[in-house]
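The values are calculated or read from the model by the stated rules, or taken from the named source; none is laboratory data. Predicted, not measured: the structure shown is a model, and the values here were computed from it. Cβ coordinates were reconstructed from backbone atoms using ideal geometry, including for glycine residues, and neighbour counts include every protein chain displayed. Surface accessibility is based on the protein's heavy atoms, side chains included, excluding ligands, DNA and RNA. Shrake-Rupley method; radii C 1.70, N 1.55, O 1.52, S 1.80 Å.
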Amino acid sequence: MIETTTKIFSKDGTAAIVISDDRFLFLNLKTKQGKTIGTTRKEAMEQLRNMGKIDDFPNI
């Protein structure tokens, strides 16, 4: 099985969201750390809001 991924970068380029077939992953490109923020777009949006990062990703 081939997994597809999409990367969406923040407006300032310091973070990215990686969307795969089964999860949304938030990556901090400065610290090189990441964490799963949900398995659905709705969960990911809620987590971004809770993290105060929702405005950094207008294209999600």
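Here are the numbers for this structure:
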read-out: Test: residue in the stretch 8-15 that is hydrophobic (A, V, I, L, M, F, W, C) and open to solvent by 90 Å² or more (accessible area, probe 1.4 Å); value: yes
read-out: Any hit, the stretch 25-33, residues being open to solvent by 70 Å² or more (accessible area, probe 1.4 Å), touching a helix residue (DSSP H, G or I) at 6+ places or on another chain (Cβ under 9 Å) and not hydrophobic (A, V, I, L, M, F, W, C); value: no
read-out: Output for the stretch 35-57, where each listed residue is open to solvent by less than 50 Å² (accessible area, probe 1.4 Å) and free of Cβ contacts under 8 Å to residues at least 12 places away in the same chain; value: I54
read-out: The stretch 1-31, subset among the polar types (S, T, N, Q) and free of Cβ contacts under 8 Å to residues at least 24 places away in the same chain, residue farthest from N59 (Cα to Cα); value: T31
